[in-house]
Each structure stands twice: as structure tokens, then as C-alpha cells.
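K.L.:
Here it is, the structure, as C-alpha cells.
The values are calculated or read from the model by the stated rules, or taken from the named source; none is laboratory data. Worth saying up front: this structure is predicted, and the values here are computed from it rather than measured. Glycine gets a Cβ as well: all are built from the backbone with ideal geometry, and neighbour counts include every protein chain shown. Please note that ligands, DNA and RNA were not included when accessible areas were found on the heavy atoms of the full protein model with its side chains. Shrake-Rupley method; radii C 1.70, N 1.55, O 1.52, S 1.80 Å.
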Amino acid sequence: MKLAGAITDDGAFRLAAMRLCNESAGLFKCSQVSLGWDAGQGMRVWAISHIDQFDQRAAAVQELETVMDECADQDAEILWPAPPSTNILTRAHAAYAEGQKIGALLSLPIRRDNRVVGLLCCERQQPFLEEEVWRLRLLLEQSARWLAILEERTSWFGRRWWRKARAWCAEQLNFNHAGWKVGAVAAVVVLCLLFLDLWPHAVHGTFLVKAD
């Protein structure tokens, strides 16, 4: 709860992301904690614990984004090594863990309005206990809203406009009040047919071209 409160004191998304990764790595004895955020076409790594600058095109970073995409696509927590009874896909997690020589890997979605907007990926050699998973889950639930607000404030204005347009279109295309929406679309189509010159036409006749 102290960490969640400290994150709300940060005024920039990158600062809050770095604090979350650094403090989580210390609290849960992780070798690395990474934060990813929805970039529109997949997750993008925004912060890695105790690393101020990193190459977004590095192979390890791209593999980490693949791990995050696997978790975000399934909208579920992923623990590797996976429990025997799980039916969640962990192929990317297993490949990343084996490539980076990691003993245990835990990915947790960050949700806002029932949608995955970010992801926290924790790495260490010892397996994660159920109590630790619960504590991390609680931390993200307490921090998700403020992280999303900071990310929206500091993102490029074109991206903010695109998100608002996408959210508006999604709201208009859902099935709530479908009758009214179909009627409105039909009315617009009728008005276009009545008042816009949409019909092809031709004038038939003879003509003669004369010089001045």
C-alpha cells in the first residue's frame, strides 16, 4: 500500500513506471521487473528495473514484448513454470525463460475499465508463492488507474485523439440501443440520397463545333 501511494505522487508516467519496477524488484527479490503498456498494436516495454536507458530494438526487449503480448492476448496471469492443471498458453514465457536462464517468470495484466492496458513482468530464480502473486495483484489494482491517467497525460496528442476516436466508435458499434442506431444510420443514408447528387446521369443531343 505504501508503494501504491508513492506511485500516485509521481507526476510523469515514466517516473511512476520506474518506481513501480524498482520497488517491486526489491520487495519480491526479483532479478528484473519490467512494465509494458499498450501501444495500439501490441505491448511496448516502457520501464525495466534499475535500467534508465535501453534499446527498444534489442533482441531481449523484443522477446520480452512477445511475452507480454502472450499474457495480454489471453487477459490472464501467467506463471512459469506453469502449474500442471493450467490450460493457459505459456510458449513465449517458456522460450524467454529458457533463453535468459530464468528460474521463474510471472506476468500480471494491468486493467482499466475491464481492458488490459499494461503488464508487469517479474523475473527471478525462485518460484513465486501464491501470497506473493496476491500481493502483486493488489499492488497493480491500486496503481492501475493512476498509471493510466499519467500515460494518457504524457502521451503524444495524436495518440490521445486516436484513442478517443477508437473508444467512441467502439461505443457506437456495440449492441446497446441497436434500434436507435440503425434508425439513425438509415436516416443519414436517406438524406444523402435526397440532397446529394449521387445519381449518374447523361444528356443526349447533337452538337456542332465552329471556329471563331
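K.L.:
Search region 79-101 for residues that are small (G, A, S) and pair each with any residue that is assigned to a helix (DSSP H, G or I) when their beta-carbon atoms are under 6 Å apart and the residues are at least 6 apart or on different chains.
P.N.:
A92/T66; A92/V67; A92/E70
K.L.:
Would you pick out the residues in region 43-96 that are among the β-branched types (V, I, T), over 23 Å from E141 (Cβ atoms) and assigned to a helix (DSSP H, G or I)?
P.N.:
If the condition is that a residue be among the β-branched types (V, I, T), over 23 Å from E141 (Cβ atoms) and assigned to a helix (DSSP H, G or I), then V61, T66 are the ones that fit.
K.L.:
Here's a check for you: in region 1-15, which residue that is at pLDDT below 80 and in a helix (DSSP H, G or I) is surrounded by the fewest Cβ atoms within 10 Å (Cβ to Cβ)?
P.N.:
K2
K.L.:
Say whether the condition of being among the basic types (K, R) and closer than 18 Å to S24 by Cα is met by at least one residue in region 121-133.
P.N.:
Scanning region 121-133 turns up at least one residue that is among the basic types (K, R) and closer than 18 Å to S24 by Cα.
K.L.:
Next up: Quick one: which residue in D9, D38, D52 is among the acidic types (D, E) and under 20 Å from the mean Cα position of the chain (by Cα)?
P.N.:
D38
K.L.:
Examine region 17-28 for a residue that is outside any helix (DSSP H, G or I) and closer than 24 Å to P81 by Cβ, and state whether such a residue exists.
P.N.:
yes
K.L.:
While we're looking at this one, here's another question. If F54 passes every condition in (1) open to solvent by less than 30 Å² (accessible area, probe 1.4 Å); (2) at pLDDT below 85 but one, which one does it miss?
P.N.:
Failed condition: (1).
K.L.:
While we're here: Could you list all residues from region 132-154 that are open to solvent by 20 Å² or more (accessible area, probe 1.4 Å), among the β-branched types (V, I, T) and touching a residue at least 40 places away in the same chain (Cβ under 8 Å)?
P.N.:
The one that is open to solvent by 20 Å² or more (accessible area, probe 1.4 Å), among the β-branched types (V, I, T) and touching a residue at least 40 places away in the same chain (Cβ under 8 Å): T154.
K.L.:
Checking the condition polar (S, T, N, Q) and loosely packed, with under 15 Cβ neighbours inside 10 Å, which residue from T90, T86, T66 passes?
P.N.:
Matching residue, one of T90, T86, T66: T86.
K.L.:
Sort out which residues of region 16-42 are more than 24 Å from E132 (Cα to Cα) and either hydrophobic (A, V, I, L, M, F, W, C) or surrounded by 15 or more Cβ atoms within 10 Å (Cβ to Cβ) (or both), and write them in order of number.
P.N.:
Once the filter is applied, which keeps residues that are more than 24 Å from E132 (Cα to Cα) and either hydrophobic (A, V, I, L, M, F, W, C) or surrounded by 15 or more Cβ atoms within 10 Å (Cβ to Cβ) (or both), region 16-42 yields D38, A39.
K.L.:
Just to check your reading of the model, which residue among L79, L105, L119 is in contact with a Phe, Trp or Tyr (Cβ under 7 Å, 6 or more places away or on another chain), open to solvent by less than 20 Å² (accessible area, probe 1.4 Å) and of a type outside the set (S, T, N, Q)?
P.N.:
L105
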